[in-house]
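Down below is the structure, laid out as structure tokens.
The values are calculated or read from the model by the stated rules, or taken from the named source; none is laboratory data. Keep in mind the model is a prediction, meaning the values are calculated, not measured. Cβ atoms come from the backbone with ideal geometry, glycine included; neighbour counts cover every protein chain shown.
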Amino acid sequence: MKLFDDEKDKLMDHEYDGIRELDNHMPTWWLWLFYFSIAFAVGYMLYYQVLGWGPTQHEEYEMAVTAAEAKFGSPEEADPVEDYTWTISEDEADIAAGKELFMSSSQICFTCHGNNGQGMVGPNLTDNLWIHGCQPEDIASSIINGFQEQGMLAYGSGAKISNEEVQQLVSYIASIQGTEPDGAKEPDMSRAQPCGEGPLAQSDL
Ligand code: HEC
């Protein structure tokens with residue numbers, strides 16, 4: 001094996017399958033980087049974890065939400081369901097606008113409730129059975145608040161729409177009552193209730 005002069009005293013006295021090793025030291029700049037990162041980690045831990053001077057990620061999140069609410073108002077404050085008179089429009093233009101929202105890539109209702117409201121991941125919206133109520137304000141509240149735990153975000157996708165647009169969706173849902181679309185999803189009878197009275201009640205059920 002050929003060695004340079006300055007390598008002779010660095011050669012370590014072990015050998016594995018003919019492979020030998022030089023005892024080269026880490027470069028100084030690398031060592032300093034290493035020491036610096038250790039010192040930084042200690043400082044970081046003291047600052048955020050031990051002394052609690054810096055905000056944790058949860059505190060930072062709360063601060064950001066508070067700041068955003070101060071600037072834009074909280075969504076519930078902006079358009080409370082109670083402060084609006086929810087009715088059902090039978091106007092063709094409103095129903096068509098509601099259908100367009102239902103099928104839109106911004107609200108994505110159809111992805112969970114089916115192209116005809118027959119239900120998929122979400123419940124069938126054409127039958128007389130409702131989990132969260134069948135009054136126009138109940139449907140509006142279902143849409144505005146969503147059911148996060150079951151996967152439905154506020155406004156379907158989290159993309160906010162105006163109360164007028166929610167009203168159009170409610171009108172569209174009212175218009176598909178009793179249509180018995182193909183592939184209608186079975187109701188969850190442990191939770192669903194027939195729509196007793198109200199504009200969405202279906203007389204033949
Ligand atoms: C990611 C899937 C998903 C999307 C998108 C979605 N939903 Fe839902 N929706 C659900 C689920 C799941 C439920 C049932 C919640 C429960 O079990 O409590 C539900 C419930 C509802 C209800 C209440 C039904 C009842 O029986 O009381 C209405 C009304 C509704 N959705 C309308 C809409 C509209 C309108 C849109 C679009 C703006 C939409 N949903 C988008 C999954 C979705």
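Annotations for the structure displayed:
- Being more than 11 Å from the ligand (Cβ to nearest atom) and in a helix (DSSP H, G or I) is a description that applies to E164.
Table: residues versus (1) in the same structural domain as G158 (by TED's automatic domain parsing); (2) within 30 Å of Y155 (Cβ to Cβ).
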{"position": "G18", "(1), (2)": "no, no"}
{"position": "F40", "(1), (2)": "no, no"}
{"position": "M45", "(1), (2)": "no, no"}
{"position": "T56", "(1), (2)": "no, no"}
{"position": "E60", "(1), (2)": "no, yes"}
{"position": "A64", "(1), (2)": "no, yes"}
{"position": "F72", "(1), (2)": "no, yes"}
{"position": "D91", "(1), (2)": "yes, yes"}
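- Residue satisfying all of: in the stretch 134-145; in contact (Cβ under 8 Å) with a residue 12 or more places away in the chain and near the ligand (Cβ under 8 Å from one of its atoms); farthest from S89 (Cα to Cα) among these: I143
- Residues that are out of contact with any Pro (no Cβ under 8 Å at 6 or more places or on another chain) and not β-branched (V, I, T) within the stretch 152-166 comprise M152, L153, Y155, G156, S157, G158, A159, S162, N163, E164, E165, listed in sequence order.
So that you can scan it fast, the table gives a plain yes or no per residue for (1) surrounded by 18 or more Cβ atoms within 10 Å (Cβ to Cβ); (2) closer than 21 Å to S104 by Cα:
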position	(1), (2)
H132	no, no
A140	yes, yes
M152	yes, yes
S162	no, yes
A174	yes, yes
P187	yes, no
Q193	no, no
E197	no, no
Q202	no, no
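- Given (1) near the ligand (Cβ under 8 Å from one of its atoms); (2) farther than 30 Å from G73 by Cα, number of the condition G151 does not satisfy: (2)
- Any hit, the stretch 95-111, residues being modelled with pLDDT of 95 or more, touching a His at 6+ places or on another chain (Cβ under 6 Å) and farther than 22 Å from Y84 by Cα: no
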